[in-house]
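To keep things clear, I will list the structure first and then write my remarks on it.
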Amino acid sequence: MKGSAGALGYNPCLGAAWGPHKVSTLMALDFTGRVAIVTGAGGGLGRLHALALAARGARVMVNDFGGARDGTGGSVSAAQAVADEITAAGGQALAHGASVTDLAAVEDMVAKTVAAWGRVDILVNNAGILRDKSFSKMSVEDFRAVVDVHLMGAVHCCKAVWPHMIAQNHGRIVMTTSSSGLFGNFGQSNYGAAKMALVGLMQTLSIEGAKYDIRVNCLAPTAATRMTEGLLPPEVLAVLQPEAVVPALLVLASADAPNRAIACAGAGTYEAAHVTLTKGVHLGSGADVPERLAEAWEQVSDRSGDSVPASGAAQGTNEVGQALAKRR
Ligand code: NAI
């Protein structure tokens, strides 16, 4: 193992509180010299991300507003406890109690990070709340509160670190999305919409950041935390060790991270999700296009030969290309 990862007494593979690991011949993911901000890191997955980054050499700003699962309440003590845990193990950490919904507080957190350590290499947008209800029973207020934390919280943090990452010509941003956003989940219309919005934010920031070596990715975890307590049966929660999500975060935050990926992780299995485009069918114009489209729907949605577009332009390119080809 190179770097200072082993020096903290954590398992450098996965962070604290994770059992012995097999000695690997693989190149270690090393974060020595890197500065990371992890939001919502006072507990759950964020805490483990912060511990693992610190164990591998990163200096970590531990953020958490310290509230309840639904976003009420708040105190800096949760973030401070995790920062203390890192410091006690020989790492470097600071705590900040900003709510990610408060742009001025987020700017203060980023300013304090840069003042302390001179840079910010990694942003993990992990803070989140839940206010589950079926859509018919959900208030607009509960919808907005969830969008505010997940989407606008990530926007605030990205906005505050972006100029530093551009100036450094280096940055790694991880958005925490969810299978509820990617694929839907009963009772989570607010949460799912906010989580899928993060995929949209990632798609464009990854394009805009590429020339500055800012890589932006999404992580969709499945883990037993207070967020999933009571939502999943105990025997399922037992295999969903939150530590098993951390390797995916480390890869997405590393120097050799992919760009524009949606990584999924849970219980030791790692997948990638994609937003794809089918080849489609050119139907041209005419009064009967609606009827022909209804008839051709199976072919339109046929996934053979589908692609993962490199940008939104791919859809128009395909459509115009097929239209022009028909004219030749
Ligand atoms: P958690 O509830 O333990 O952690 C969320 C943390 O975010 C809490 O410590 C909370 O105080 C903090 N937080 C909430 N609002 C905040 C705000 N406005 N400003 C700063 N901090 C705030 O839950 P967990 O499971 O660790 O969640 C972490 C992330 O992973 C969340 O974004 C969640 O939506 C996401 N996720 C979790 C899944 C799971 O299976 N546990 C599944 C899919 C996504």
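What follows is calculated from the coordinates using simple rules that are stated; it is not laboratory data. Keep in mind it's a predicted model, so treat the numbers as computed, not measured. Don't worry about glycine lacking a Cβ; one is built from the backbone with ideal geometry, like all the others, and counts go over all protein chains shown.
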Sum of side-chain charges, Val100 neighbourhood, beta-carbon under 10 Å (Lys, Arg +1; Asp, Glu -1): -3
Listed residue pairs exceeding 27 Å between alpha carbons, taken from Lys159/Lys279; Lys133/Lys195; Lys159/Lys195; Lys112/Lys133: Lys159/Lys279; Lys112/Lys133
Long-range HN-HN contacts of Ala272 with modeled amide H, under 5 Å: Cys264
Residues whose placed amide H lies under 5 Å from that of Ile214, excluding near-sequence neighbours: Gly171
Other-chain or far-sequence residues with amide H under 5 Å of Phe65's (modelled H): Gly40
Unit charges on C-beta of K, R, D, E only; dipole of segment 5-273, Debye: 300
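So what is the 222 nm mean residue ellipticity for the chain from helices alone, if each DSSP H run of at least 4 adds -39500 (n - 2.57) and you divide by all residues, rounding to the nearest 500 deg cm²/dmol?
The helix-only estimate for the chain comes to -12500 deg cm²/dmol at 222 nm.
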DSSP loop chymotrypsin sites (Phe, Trp or Tyr not before Pro) with at most 13 other Cβ within 10 Å excluded, longest remaining stretch of the chain: 187-328
The chain: relative contact order in percent, alpha carbon pairs under 8 Å with at least 6 residues between: 13
In sequence order, calculated HN-Hα J values of segment 276-281 (Karplus, 6.51, -1.76, 1.60; Hz; x Gly/Pro): 10, 10, 7, 5, x, 10
